[in-house]
1. Relative contact order for the stretch 26-85: what percent, with Cα pairs under 8 Å and sequence separation of 6 or more?
2. Compute the relative contact order of the stretch 5-166 as a whole-number percentage, counting only Cα pairs closer than 8 Å that sit 6 or more residues apart in sequence.
3. From largest accessible area down, sort 88, 2, 12; use a 1.4 Å probe on the protein chains.
4. For the chain, compute Rg over Rh where Rg is the Cα radius of gyration and Rh is the Kirkwood radius from the inverse mean 1/r over Cα pairs.
5. Which helices, counted as full DSSP H runs in the chain, have an axial Cα extent of no less than 20 Å and a Kyte-Doolittle average of 0.0 or above?
6. Evaluate the charge dipole of the chain about its Cα centre and quote only its size in Debye, nearest 20, assuming +1 on the Cβ of each Lys and Arg and -1 on the Cβ of each Asp and Glu.
7. Ranked highest first by the average count of other Cβ atoms within 10 Å around their residues, in what order do 77-84, 53-60 fall?
8. Only bridges whose two residues both fall in the stretch 29-163 count here: according to DSSP, what percent of them are antiparallel, nearest 5?
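The values are calculated or read from the model by the stated rules, or taken from the named source; none is laboratory data. Remember, predicted model here, so these are calculated numbers, not experimental data. Cβ placement follows ideal geometry from the backbone for every residue including glycine, while neighbour counts extend to all protein chains displayed. Areas reflect the complete protein model, heavy atoms only, side chains present, ligands, DNA and RNA absent. Shrake-Rupley method; radii C 1.70, N 1.55, O 1.52, S 1.80 Å.
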Amino acid sequence: MSTPHVLVAYASKNGSTEQIAGWIADVLSARGTVADVRPAGQVDGLAGYDAVVLGSGVYAGRWLRDATRFARRNRKRLRELPVWLFSSGPLDAEVADRAPALVRGAVRVADMVDAADQVTFGGRLDDSARGFVARQILKQGKGGDFRDRDRIRAWASGIADQIAAAWGRSA
Ligand SMILES: Cc1cc2nc3c(=O)[nH]c(=O)nc-3n(C[C@H](O)[C@H](O)[C@H](O)COP(=O)(O)O)c2cc1C
(Lines give C-alpha, C1' and ligand atoms only; values in the text may rest on other atoms or scores of the structure.)
Protein backbone atom coordinates (compact mmCIF):
# COMPACT_ATOMS: atom_id res chain seq x y z
CA MET A 1 0.00 0.00 0.00
CA SER A 2 1.19 3.55 -0.65
CA THR A 3 2.38 5.88 2.08
CA PRO A 4 -0.40 8.00 3.59
CA HIS A 5 -0.07 11.74 2.91
CA VAL A 6 -1.25 14.06 5.66
CA LEU A 7 -1.76 17.81 5.40
CA VAL A 8 -1.12 19.75 8.60
CA ALA A 9 -2.72 23.13 7.86
CA TYR A 10 -2.61 26.00 10.33
CA ALA A 11 -3.57 29.62 10.85
CA SER A 12 -1.21 31.55 13.08
CA LYS A 13 -0.73 35.26 13.74
CA ASN A 14 2.24 35.15 16.07
CA GLY A 15 3.86 31.86 15.13
CA SER A 16 3.05 29.57 18.04
CA THR A 17 0.37 27.58 16.21
CA GLU A 18 2.69 27.23 13.25
CA GLN A 19 5.24 25.70 15.57
CA ILE A 20 2.68 23.28 17.02
CA ALA A 21 1.80 22.23 13.47
CA GLY A 22 5.48 21.47 12.93
CA TRP A 23 5.68 19.36 16.10
CA ILE A 24 2.60 17.39 15.01
CA ALA A 25 4.09 16.84 11.55
CA ASP A 26 7.37 15.64 13.10
CA VAL A 27 5.51 12.94 15.01
CA LEU A 28 3.50 11.91 11.94
CA SER A 29 6.64 11.77 9.79
CA ALA A 30 8.45 9.67 12.36
CA ARG A 31 5.50 7.30 12.29
CA GLY A 32 5.60 6.59 8.58
CA THR A 33 3.39 9.18 6.93
CA VAL A 34 4.34 12.01 4.60
CA ALA A 35 3.28 15.15 6.48
CA ASP A 36 3.16 18.58 4.80
CA VAL A 37 2.90 21.66 7.00
CA ARG A 38 1.22 24.58 5.22
CA PRO A 39 -0.56 27.83 6.07
CA ALA A 40 -4.30 27.19 5.65
CA GLY A 41 -4.69 30.37 3.61
CA GLN A 42 -2.27 29.08 0.99
CA VAL A 43 -3.77 25.65 0.38
CA ASP A 44 -5.68 25.49 -2.89
CA GLY A 45 -7.09 22.00 -2.76
CA LEU A 46 -6.72 18.66 -1.09
CA ALA A 47 -5.76 16.49 -4.04
CA GLY A 48 -3.22 13.89 -2.98
CA TYR A 49 -3.99 14.07 0.74
CA ASP A 50 -5.43 11.15 2.68
CA ALA A 51 -5.98 12.94 5.98
CA VAL A 52 -5.94 16.48 7.35
CA VAL A 53 -4.97 18.09 10.64
CA LEU A 54 -6.19 21.69 10.90
CA GLY A 55 -5.31 24.13 13.67
CA SER A 56 -5.70 27.79 14.54
CA GLY A 57 -4.62 30.27 17.12
CA VAL A 58 -7.56 31.65 19.11
CA TYR A 59 -8.29 35.38 19.14
CA ALA A 60 -11.25 36.85 21.02
CA GLY A 61 -12.75 33.40 21.34
CA ARG A 62 -12.56 32.64 17.66
CA TRP A 63 -10.45 30.83 15.14
CA LEU A 64 -8.49 32.94 12.69
CA ARG A 65 -10.27 33.58 9.41
CA ASP A 66 -7.78 31.62 7.28
CA ALA A 67 -8.60 28.44 9.21
CA THR A 68 -12.38 28.77 9.07
CA ARG A 69 -12.24 29.77 5.40
CA PHE A 70 -10.07 26.77 4.62
CA ALA A 71 -12.65 24.52 6.31
CA ARG A 72 -15.54 26.13 4.45
CA ARG A 73 -13.76 26.11 1.09
CA ASN A 74 -12.86 22.43 1.37
CA ARG A 75 -15.81 21.20 3.41
CA LYS A 76 -17.01 18.66 0.86
CA ARG A 77 -13.67 16.89 0.54
CA LEU A 78 -12.92 17.25 4.26
CA ARG A 79 -16.09 15.35 5.09
CA GLU A 80 -14.74 12.43 3.08
CA LEU A 81 -11.35 12.44 4.82
CA PRO A 82 -10.29 11.81 8.40
CA VAL A 83 -9.84 15.26 9.96
CA TRP A 84 -8.44 16.30 13.34
CA LEU A 85 -8.69 19.85 14.70
CA PHE A 86 -6.63 21.71 17.26
CA SER A 87 -6.88 25.16 18.77
CA SER A 88 -4.01 26.94 20.43
CA GLY A 89 -5.18 29.60 22.83
CA PRO A 90 -5.44 29.69 26.58
CA LEU A 91 -2.56 31.43 28.29
CA ASP A 92 -3.03 29.15 31.25
CA ALA A 93 -1.95 25.52 31.40
CA GLU A 94 -4.88 24.35 33.53
CA VAL A 95 -7.59 25.91 31.40
CA ALA A 96 -5.98 24.35 28.36
CA ASP A 97 -6.12 20.90 29.93
CA ARG A 98 -9.66 21.17 31.27
CA ALA A 99 -11.45 22.67 28.28
CA PRO A 100 -10.95 20.60 25.16
CA ALA A 101 -13.76 22.13 23.14
CA LEU A 102 -13.62 25.68 24.37
CA VAL A 103 -13.62 27.48 21.08
CA ARG A 104 -16.94 28.15 19.40
CA GLY A 105 -15.55 28.40 15.87
CA ALA A 106 -13.70 25.12 16.27
CA VAL A 107 -16.86 23.38 17.45
CA ARG A 108 -18.70 24.63 14.38
CA VAL A 109 -15.90 23.55 12.05
CA ALA A 110 -15.78 20.13 13.74
CA ASP A 111 -19.44 19.73 12.96
CA MET A 112 -19.06 21.03 9.40
CA VAL A 113 -16.26 18.63 8.45
CA ASP A 114 -17.31 15.76 10.71
CA ALA A 115 -13.97 15.84 12.55
CA ALA A 116 -12.64 12.74 14.26
CA ASP A 117 -11.41 14.78 17.22
CA GLN A 118 -10.68 18.30 18.36
CA VAL A 119 -8.51 19.54 21.14
CA THR A 120 -7.43 22.81 22.73
CA PHE A 121 -3.79 23.32 23.62
CA GLY A 122 -2.35 26.16 25.64
CA GLY A 123 -0.97 29.10 23.69
CA ARG A 124 2.07 31.29 23.77
CA LEU A 125 2.35 35.03 23.98
CA ASP A 126 5.74 36.67 24.18
CA ASP A 127 7.39 40.01 23.54
CA SER A 128 7.47 39.44 19.80
CA ALA A 129 3.64 39.47 19.58
CA ARG A 130 2.09 42.19 17.47
CA GLY A 131 -0.83 44.42 18.38
CA PHE A 132 -2.11 46.72 21.10
CA VAL A 133 -4.14 44.09 22.96
CA ALA A 134 -1.20 41.69 22.92
CA ARG A 135 0.93 44.34 24.57
CA GLN A 136 -1.78 45.02 27.17
CA ILE A 137 -1.92 41.34 28.05
CA LEU A 138 1.87 41.25 28.34
CA LYS A 139 1.82 44.35 30.54
CA GLN A 140 -0.53 42.53 32.90
CA GLY A 141 2.10 39.82 33.24
CA LYS A 142 -0.10 37.23 31.56
CA GLY A 143 2.26 36.25 28.78
CA GLY A 144 4.24 33.05 28.58
CA ASP A 145 4.40 29.74 26.82
CA PHE A 146 1.64 27.37 27.93
CA ARG A 147 2.06 24.81 25.18
CA ASP A 148 2.57 21.34 26.58
CA ARG A 149 4.80 19.69 24.05
CA ASP A 150 4.37 16.20 25.51
CA ARG A 151 0.59 16.52 25.36
CA ILE A 152 0.77 17.76 21.78
CA ARG A 153 3.05 14.89 20.80
CA ALA A 154 0.79 12.36 22.51
CA TRP A 155 -2.19 13.71 20.59
CA ALA A 156 -0.27 13.48 17.30
CA SER A 157 0.79 9.98 18.19
CA GLY A 158 -2.88 9.03 18.62
CA ILE A 159 -3.52 10.35 15.12
CA ALA A 160 -0.63 8.26 13.81
CA ASP A 161 -2.20 5.22 15.50
CA GLN A 162 -5.52 5.84 13.78
CA ILE A 163 -3.89 6.37 10.40
CA ALA A 164 -1.83 3.20 10.81
CA ALA A 165 -4.97 1.27 11.73
CA ALA A 166 -6.85 2.65 8.72
CA TRP A 167 -3.94 1.73 6.46
CA GLY A 168 -3.89 -1.74 7.96
CA ARG A 169 -0.32 -1.76 9.11
CA SER A 170 1.74 -1.04 12.17
CA ALA A 171 3.78 2.15 12.11
C1 LIG B 1 -5.32 39.95 21.11
C2 LIG B 1 -5.31 38.55 21.62
C3 LIG B 1 -6.52 37.93 21.90
C4 LIG B 1 -6.54 36.60 22.37
N5 LIG B 1 -7.74 36.01 22.66
C6 LIG B 1 -7.76 34.74 23.13
C7 LIG B 1 -9.00 34.09 23.44
O8 LIG B 1 -10.07 34.64 23.28
N9 LIG B 1 -8.98 32.81 23.90
C10 LIG B 1 -7.80 32.16 24.11
O11 LIG B 1 -7.84 31.01 24.54
N12 LIG B 1 -6.61 32.73 23.80
C13 LIG B 1 -6.56 34.01 23.34
N14 LIG B 1 -5.36 34.61 23.05
C15 LIG B 1 -4.10 33.84 23.19
C16 LIG B 1 -3.65 33.30 21.83
O17 LIG B 1 -4.60 32.42 21.33
C18 LIG B 1 -2.30 32.58 21.99
O19 LIG B 1 -1.33 33.56 22.18
C20 LIG B 1 -1.99 31.72 20.78
O21 LIG B 1 -0.88 30.90 21.06
C22 LIG B 1 -1.73 32.56 19.53
O23 LIG B 1 -1.45 31.75 18.42
P24 LIG B 1 -0.47 32.23 17.27
O25 LIG B 1 0.87 32.55 17.92
O26 LIG B 1 -0.35 31.04 16.38
O27 LIG B 1 -1.07 33.40 16.60
C28 LIG B 1 -5.32 35.91 22.58
C29 LIG B 1 -4.10 36.55 22.30
C30 LIG B 1 -4.09 37.86 21.83
C31 LIG B 1 -2.78 38.52 21.53
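1. It comes to 37 percent, rounded to a whole number.
2. Here the relative contact order equals 23 percent.
3. Sorted by accessible area, descending: 2, 12, 88.
4. Reported Rg/Rh, Kirkwood definition of Rh: 0.97.
5. 16-30
6. Dipole size: approximately 640 debye.
7. 53-60, 77-84
8. The antiparallel fraction comes to roughly 25 percent.
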